[in-house]
Structures are given as C-alpha cells and as structure tokens.
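The values are calculated or read from the model by the stated rules, or taken from the named source; none is laboratory data. Fair warning: this is a prediction, and the values are worked out from it, not measured in the lab. Methodologically, a virtual Cβ is constructed for each residue, glycine included, from the backbone with ideal geometry; neighbour enumeration extends over all protein chains shown. Heads up: the accessible areas ignore ligands, DNA and RNA and are worked out on the full protein's heavy atoms, side chains in. Shrake-Rupley method; radii C 1.70, N 1.55, O 1.52, S 1.80 Å.
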Amino acid sequence: MKYLPLVWAALWRRKPRTILTMLSVVVAFLLYGLLTAVNAAFNTGVELSGADRLVTTGKYSITQVLPYGYWQQVKNMDGVEQVTFASWFGGYYQEEFNFFPQFPVDPQSYFDVYSELTIDEDQLRAFVTTRTGAVVSKTLADRYGWSLGDRIPITAGIWPLADGSNSWEFDLVGIFDTRDPAARSQHEYMLMQHEYFDEARQFGQGTVGWFISQIRDPEQAGQIAQAIDAQFANSPNETRSDTEKAFNQSFLKQMGDIGLIIQSILGAVFFTLLFLTGNTMMQSVRERIGELAVLKTIGFSGGSLLMIVLAEALLLTLMAALIGLGLAAFLLPGLAENMPGFSGLALDLEAWITALLLALLLALIVGLPPALRAQRLSIVDALSEHA
Amino acid sequence: MIQQIYAVTAMNLRSIPSRLGTSAVIVIGIAGVVGVMVALLAMGAGFQATLASTGEDDRAIVMRSGSLDELSSVVIREHAAILAEAPGVASNSAGEPLAIGELFMLTNVAKHDAVEPNNVVVRGTTPQVLNLRHEARLVEGRMFQPGVREVVVGIGAQRQFSGLQIGDLVEVREGAWPIVGVFETGGDVHESEIWVDREALVTASRRSAWNSVTVQLEDAASFTTFKDAITSDPRLKLQVQREPDYYASRSEAMGQMITGLGYTVAVIMGIGALFGALNTMYAAVATRTVEIATLRALGFGSVPVVISVLLEALVLALLGALIGGALAYLFFNGYSVSTLNFQTFSQVAFAFRVSGALLVQGMIVACLIGLVGGLFPAVRAARMPVADALRAS
C-alpha cells in the first residue's frame, strides 16, 4: 500500500498512452456491460418463472386453440390449485412495429395465478366489470403515454370483429406492475376480457389459447402434467403440458444460440483487448528498465518490483472496468425504453462481479510478463544499457 | 514531392518488422472489429436474403385483409374459388386456373441433439404445387399422394431438425405421418417447411378454410388487374401482395435487429480499436523521432512526413481488415442456422452470407480507423521542431 504513490506515478508516466489504453479497456467493458444485460434479459423469463406453474398448450403447437371447457376439467385435476387461461390476440397499436402482446384473459383468475403482478384493487375490479376494459403493464403505459380512461385502438391481425372489421377499441381501466423490477420485461403486455373478446370476434368462439395452472406441490409437476395430457389424450384436442420454466426455456432455445453469439463477440473483444493492453504494458516496462534498475539498486527486492508492475496493470484494468461498467449502467435505462420487450435491461450483481474478475484476470495476463522481467532484472546490465 | 513521400513511406514500412509488437496492435485490433462486424452483418444479410429471395414477381399471395402473415389469415373456400376465376390468373394446359389455397400450420420438431420443440411450418397444399412454385423440385423420394397422410420435407428443415429423413415419422396432426420425399426451392424460406396434402390435413386438423391462396399471374404486369379485381369485389375482404413483397416484409424486424446489433457492436469495438491504433502510431512516430528530424533537416517537407505516417497506418489497417474479413469468411460463410422469425412465429433456416459488399464495408471501416488513428500522430511528427528532435537522442 505504501508504494501506491510510486505505482500511481508510474502509471501516469506517459499520460496519453495510459489514457488511450485505458479508453480501449473502458470500451471493452462497456460492450461487456451492454451485451451481458441483453443476454440476461433473454434469460430472465427462465429464471423468474414460477416453479409451481404448468403451461398446457395444444399437442402439436402453441398456436392450436383449445376448448374453453377444458378450464373446468383442469381445475378439477388432483394437485391443481387454481387455473387461468390466455389467448393470443396478435394485433398491433397504430402500426405493425409497435409490437407488444395482447392476451384476452379471465381477469380475476389471471391476477390470482400470476401473483408476482401488482395492481390496485379498484382497478382490478374495474377490469372485471368493464366489458371493453383493458389493463396494460406500467412499462407499456410509460412508453406510449397512456393513462387511465384512454381509449386504445388495436388493429386485429388474427381476429376480426363480427362485421369483418379489424378495428378493436379498449378502455384502459388499470395499470399493473411487477413486484420485482427485473421481471418487467416478462410482463410487458396488454390484457383484455376474454368474455368480451369471445362474443365480439367473428369466428373461433368457445376456444382459448393455453392454460396456466398453479399446482400445490412443485415436486409433483411432472406427474400432474402427465395427468392433464392423459385426460385429453385421444380427444380431438390433445394437449402438451410442461412447467412454465421448461416452456420458457424451450421458447428461448427456438431463438437459436443467441447466448453463444454474444459470448463469441465478447471473446473476440477480449482477445483483441488483451493483445492491445499487453503490448502497452510491455512497452512501458521496456522504457523504464533504467528506472527499475535504480529502484533495485537502492534496495527494492525483485519481489517488490514484481508487485509494483502488477499493481500498475491491475490499477489500469480495474479503473477502466469500473468506468466502462458505470457507463453501461448509465446508458441501459435509456436503451431499455427504446427496445420493446427489454424493459428489465440492467446490470445485476453477478455481472459486476464477473466483470471485476475479468479485469483481474486481464491484469494478470498482461502484467505478469513485464512484471517477471522487472523481477529478474540484472542491475549491472540494465544500468550500463540505459545509462 | 511524390518522390519524397515514396522515400519516407518506404523507410517507414521497411522499419515495421523491427516494431512487430506495436504494429500488430493495429492489425489485430482492426481484424477483431472487422471480423465481428462482418460476421454479424452476414447473419442479418443471410436471414433477409432467404426471405427476400422467396417468390416470383408474377405470383401473388392472397390473405385476409388485415392479416400480417399466413398463420393469422383465413380465406374460406368459396372466396378462394372466386379469386381463382379473377382476371389476370394464369391457367395450366388443361385450362384450370393456377391458384392453390393452402393451409399454414405449425408443428413441434426438435433440433438435432435437443428435445425442445420448435415451430416448424406445415404447409397443406396439393401435388400441383410443383407447377405453381416451379422453383420447387424433389431431390429425393416422391411427392405425397392426394388425400394420403404423407409428408415431403424441405431440405433446410431436414438439415436443422432431427428425424426428418425419408422413412421417419413426423408429428403433424392426429399422430405421426411418414416422410416420403425431400424437396428444395433454391434456398428460399419454403425449404424450412414441411409440405403435406391439404385434404389430408383438413381431415386431421378439422379445419375447413385455407390460410392463404397463392396464384400464378399471366405475367408480372397483370398484378394490378388481379389486385383491383379482388379488392373491388364486395364479397371479398382480402388483400393481395406480390409474393416477393410479402416475404421480404416478414424479415424486416429480425433483419433490422441483427443488423442493428452488428453496427452497434462494430461502432463500440471500432472506438476501442481506434485508441489502440492511436497508441501504436504515437509509438511508431516516437521511435523514429530522430530519423524524421534528420529528413526534415535534409529538406524534406512536412506534408510527405504526414502522408507517410498516414499511409503506414492505412497499410496496417487494411492488413487487419483482410485478416478479419478472411476469418469471418472462413468460419461463417455458408454457416447455416435456424431461428424463430418472430414475425411469422416459425423457424427459418438460413446461411450466413459473407458478401463482397460486406467485405468492402469492413475495409472502409478499417480505413477510417486507420486514417483517424494515424492523423494525430502524423501531425505531431510533422510539427516537431527539428533541432529539439535531433537533440532528443
């Protein structure tokens, strides 16, 4: 610690070079921060999904519709606590690229099953009782500047109204949020009354998209899922049930190897950077051979020189990593607002720790070769060469 | 002047081998930027090309008015019959209109070495589809028979998903159907699909209406005639699009996302590489202080010095771009993957496309980094007072 001023002075010996090197490390950690947050947003659905929920869809595809009557049958199954359902409305607000999901649901049971959602009691009651009522997540309300009482037009992509028109309108009666802000990107959608939707649509009456069951004992998830599917086997509408986690996971897998692609990018960035920073460190030590020899002459041991050079590398990478991550943390909220479906974009503790460990590793890899060189320095040779 | 530039540049370039380490910083830094950028853009380009190359100008796809894609569209049979008789629709040798109403559904198929379900398109069509989509041809086995529960699979789907060989069974509706053939369509999006007989699928899925109707027009110019006839018919609430327009529009969201990611990462990485380049060139100039000052003392102007440093940076940057571009080409060109196109909610198999245009883009980015990275050190080199610099030794 007492050598800190010495290390500090050595670090800033050639200011422009240190600043430039540091900036490239800052950039690498900025990229790390941004990409890690995006990657994490993809995975929150899997991590935050309830272990005590099952999703039941059509056997061949989630896009198959199921009879409304299954609701009561699933509710009566052993081990099932409560059940709700949803359908895919597939419309859009104003233009196709304003995309967010809309689900016609049974209001009360939906909020019962998704207990991580918070909504004002009165607003929920209004949703239950208003035929054309709709509720949206806070993130959506913020993005589109909606407030209670607004009439929101939604153009149908799948379900026309009975007269063939695609112009649906819903009255905003409530705004919900999630208890855990990190879960926001999972619940960024609009809900409307299934009852009204079913009556008003042109075709498809008496069907819903999928069922979500809350079960009493997560340990029994596999058995209950099997029991549900067995109940409807050999019927015209066979089902496929799975835990919500497995369901979200398989959905994520459909995207292909997003995580792998992001990790490859980071790999390329860090390799490039390693080379860059390593080179600067070597150069810096090479220029200071004479000074280091003087330090050794006045009594510094090889070990202390090794530590001094390493500390210099560590100081450089740690400061740069902190700045880069800080910059990422600063930019993320703004990015999240402009990326539909990514409202939860943030750096978690794990990302910070991993980044700092990476910085440590980087410092060791780039600092060790010049540090060893400093340790093994022969005073006579060094001084005669650099006198 | 030219001679001076040549002399100084040659001297600089000849001295690169003695500064391999620092010079490599530019090369590797830029190779990283160009490699990552080209690879990501090649992914976006491959995806968009797969959809944009689908269909022909003289074919039209008809869906329910307001539907964004085939999955969410419904065209009842009576309407399909009406539109097949519309003006502009071509006929086959037997005088029947070349229009096929098709079913478009999804089924779950696992990728190789995985168990998770993927949304693979099941297209219910007729054996006539080979006349309508003349780019389609069977490469193995035979066509499904009318009314029989048999499957022909696209070659792209076969590559990406497991259990899609001839003789295998695939879950379609009401159980598993045998695969009897493999088709290709020249690398477009239909190769990611599996095709079955529509009447067999109607029975198995208990659906009576089609999702879309694809028609062969008499020629590309009859599109307007056909479209006007359909949209002005009060019985029909249908929309008509040229096939290539429809398919290209289904790649916009995903294509833009991948391309956006590619450019964002490239810009951020590029800034990092720029700092590296500046470092290298400052070091390069610093080690040659005496040489440069000597040349100036001999009467060389400052312009040749600036240009020579810039040229050195450019040569190194281009070398980096070549390495990065070559790596991207070697590792990714033709690399095929399948992803969920969220505009159609179905899997699209596509191959990365490292095109000449992308490589040129990589070169341009590299040159920009090289130029900016060389400029400041070059100016410093030229501005150095000759006497001081000579004394620096």
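With a 1.4 Å probe on protein heavy atoms only, tell me which residues of the stretch B:87-128 lose at least 40 Å² of accessible surface in the complex relative to the chain by itself.
Buried on complex formation: B:Asn108, B:Glu116, B:Pro117.
Using a simple charge model, +1 on the beta-carbon of Lys and Arg, -1 on the beta-carbon of Asp and Glu, nothing else, what dipole does chain A show about its Cα centre, in debye to the nearest 20?
2300
Could you give the DSSP H helices of chain A that reach 27 angstrom or more along their long axis (alpha carbon positions) and whose average Kyte-Doolittle hydropathy is no lower than -0.5?
A:15-47, A:258-287, A:302-338, A:349-375
What is the helix-to-structure angle for B:302-332, meaning the angle in degrees between its Cα long axis and the longest Cα principal axis of chain B, kept from 0 to 90 and rounded to the nearest 10?
30
Give the separation of the Cα centroids, the stretch B:62-79 to the stretch B:329-357, in Å.
28
So what is the relative contact order for the stretch A:195-256, in percent, with contacts set as C-alpha pairs under 8 Å and at least six apart?
Here the relative contact order equals 20 percent.
Points 7 angstrom from Cα along the Cβ direction at B:Gln128 and A:Ser378: gap in nanometres?
The answer from the label model is 9.2 nm.
Could you tell me which of A:Thr272, A:Val38, B:Ala326 has its Cα farthest along the dipole of the protein assembly as shown towards the positive end, charges placed at Cβ (Lys, Arg +1; Asp, Glu -1), taken about the Cα centre?
Positive-most Cα among the choices belongs to A:Thr272.
If I take every Cα pair under 8 Å that is 6 or more residues apart in the stretch A:49-255, average their sequence separation and divide by the length, what percent do I get for the relative contact order?
37
What total accessible area, in Å², is buried where chains A and B meet, using a 1.4 Å probe and rounding to the nearest 100?
Buried area (both sides, nearest 100 Å²): 4300 Å².
Can you give the longest run of chain B that contains no trypsin sites (Lys or Arg not before Pro) sitting in a DSSP loop with at most 15 other Cβ atoms inside 10 Å?
B:236-393
First obtain the Kirkwood hydrodynamic radius of the protein assembly as shown from its Cα pairs, then insert it into the Stokes-Einstein equation at 20 °C and 1.002 mPa s, and state the resulting D in µm² per second as a whole number.
Using the Kirkwood radius from Cα pairs, D works out to 71 µm²/s.
Enumerate by residue number the GluC sites (Glu not before Pro) in the stretch A:212-313 meeting two conditions: DSSP loop (anything except H, G, I, E, B), and at most 15 other Cβ atoms within 10 Å of the site's Cβ.
none
Within the stretch A:180-254, list the chymotrypsin sites (Phe, Trp or Tyr not before Pro) lying in a DSSP loop whose Cβ has at most 16 other Cβ atoms in a 10 Å radius.
Sites meeting the loop and neighbour criteria: A:Phe203.
Which value, in debye to the nearest 20, describes the size of the charge dipole of the stretch B:213-280 about its Cα centre when Lys and Arg Cβ atoms bear +1, Asp and Glu Cβ atoms bear -1, and nothing else is charged?
Here the stretch B:213-280 has a charge dipole of around 240 debye.
Take the Cα radius of gyration of the stretch B:1-124 and divide it by 2.2 N^0.38 Å, with N its residue count; two decimals is plenty.
Output field value: 2.11.
List, by residue number, every residue in the stretch A:57-74 with a reduction of 10 Å² or greater in accessible area between the chain on its own and the complete protein assembly, 1.4 Å probe.
Buried-area filter returns A:Lys59, A:Tyr60, A:Ser61, A:Ile62, A:Thr63, A:Gln64.
Name the trypsin sites (Lys or Arg not before Pro) in the stretch A:75-144 that are in a loop by DSSP and that have at most 10 other C-beta atoms within 10 Å, would you?
In loop regions of the stretch A:75-144 (DSSP not H, G, I, E or B), there are no sparsely surrounded trypsin sites (Lys or Arg not before Pro).
For the stretch A:49-255, what does the alpha-carbon gyration tensor say about shape, rounded, prolate or oblate, given a ≥ b ≥ c as the root eigenvalues, a/c under 1.5 as rounded, and a/b over b/c as prolate?
Prolate is the answer for the stretch A:49-255, as a/c is 1.5 or above and a/b outweighs b/c.
For the protein assembly as shown, what % of the accessible area comes from carbon and sulfur atoms, probe 1.4 Å?
Accessible surface attributable to carbon and sulfur in the protein assembly as shown totals 60 percent.
Can you give the relative contact order of chain B as a percent, counting alpha carbon pairs under 8 Å and 6+ residues apart?
Reported as a whole number, the value is 30 percent.
Which listed residue (A:Gln64, A:Ala182, A:Ser165) has the Cα farthest towards the positive end of the charge dipole for the stretch A:49-255, taking +1 on Lys and Arg C-beta and -1 on Asp and Glu C-beta about the Cα centre?
Sorting the options by dipole projection puts first A:Gln64.
To test your reading of the geometry: what angle, between 0 and 90 degrees and rounded to tens, separates the Cα axis of helix B:20-52 from the longest principal axis of chain B?
Result, in degrees: 20.
I need the shape label for the stretch B:165-208. Rule: rounded when a/c is under 1.5, else prolate if a/b > b/c, else oblate, with a, b, c from the alpha carbon gyration tensor.
Judged from the Cα gyration tensor, the stretch B:165-208 comes out oblate (a/c at least 1.5, b/c at or above a/b).
Per residue, what accessible area does chain A have, given a 1.4 Å probe and all protein chains present, in Å²?
The answer is 44 Å² per residue.
Mind giving me the nanometre distance, one decimal, between the label points for A:Leu356 and A:Val128, set 7 Å out from Cα along Cα→Cβ?
With each label placed 7 Å out from Cα toward Cβ, I get 4.8 nm.
Using the scaling law 2.2 N^0.38 Å as the reference, what is the normalised Cα Rg of the stretch B:104-215?
Compactness ratio reported: 0.97.
With +1 assigned to the C-beta of every Lys and Arg and -1 to the C-beta of every Asp and Glu, and no other charges, what is the dipole magnitude of chain B about the Cα centre in debye, to the nearest 20?
1760
For the protein assembly as shown, give me the percentage of DSSP beta bridges that are antiparallel, rounded to the nearest 5 percent.
If I count the DSSP bridges inside the protein assembly as shown, around 80 percent turn out antiparallel.
In whole angstrom, note down how far apart the Cα centers of the stretch A:238-313 and the stretch A:322-375 are.
With the stretch A:238-313 and the stretch A:322-375 each reduced to a Cα centre, they are spaced 10 Å.
Using alpha carbons only, how many degrees (0 to 90, rounded to 10) separate the axis of helix B:2-14 from the longest principal axis of chain B?
Result, in degrees: 80.
How much area per residue is accessible in the stretch B:72-214 when the probe is 1.4 Å and only protein heavy atoms are counted (Å²)?
Solvent-accessible surface per residue comes out at 37 Å².
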